[in-house]
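All remarks here apply to the structure that follows.
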Amino acid sequence: MLVQRRLSIRGVLDAALEGIESMLFVMILTVLAFMVQEMNITLQLAEFVIQVTEPVLTPALLPAIVFAVCGIYAYATGSFWDLAAVITPVVLPLALALGADPILARISPVSSG
């Protein structure tokens with residue numbers, strides 16, 4: 001656009017700053033999601049969830065329950081952007097511990113948003 005002289009340098013800079021401004025919320029949310037993920041790893045949340053749910057949860061129910069929990073999480077936070085970073089480190093080890101299909105368990109959070 002600048003080469004074809006459709007936009008001035010000022011117009012290009014304004015458009016770039018507008019784009020950065022529109023993505024600022026997503027960038028902050030992503031950083032916060034990775035902070036929550038690090039806390040989950042430090043607190044060993046995945047191991048705790050496996051310990052608590054393994055006796056009562058079947059591999060067939062895992063995708064439906066993950067779908068429901070992720071849908072509630074996405075609705076409660078108002079965003080789907082951070083869901084994969086927070087939920088995946090818990091869901092994949094749980095699926096492997098239960099003997100469920102890890103691909104199906106990974107698709108459940110993605111499809112719930």
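Of the DSSP H helices in the chain, those that are both long (alpha-carbon extent of 27 Å or more along the helix axis) and hydrophobic (Kyte-Doolittle mean at least -0.5) are 9-42.
Only helices enter this figure: runs of n ≥ 4 DSSP H residues, each worth -39500 (n - 2.57), summed and divided by the residues of the chain, yield -25500 deg cm²/dmol at 222 nm to the nearest 500. In the list (i) 40, 15, 11; (ii) 36, 14, 10; (iii) 34, 17, 12, the label attached to semi-axes √(5λ) of the Cα gyration tensor in Å as derived from the coordinates here is (i).
The numbers here are math on the coordinates, done by the rules we state, and not lab data. Bear in mind that the values here come from a model prediction, so they are computed numbers and not experimental data.
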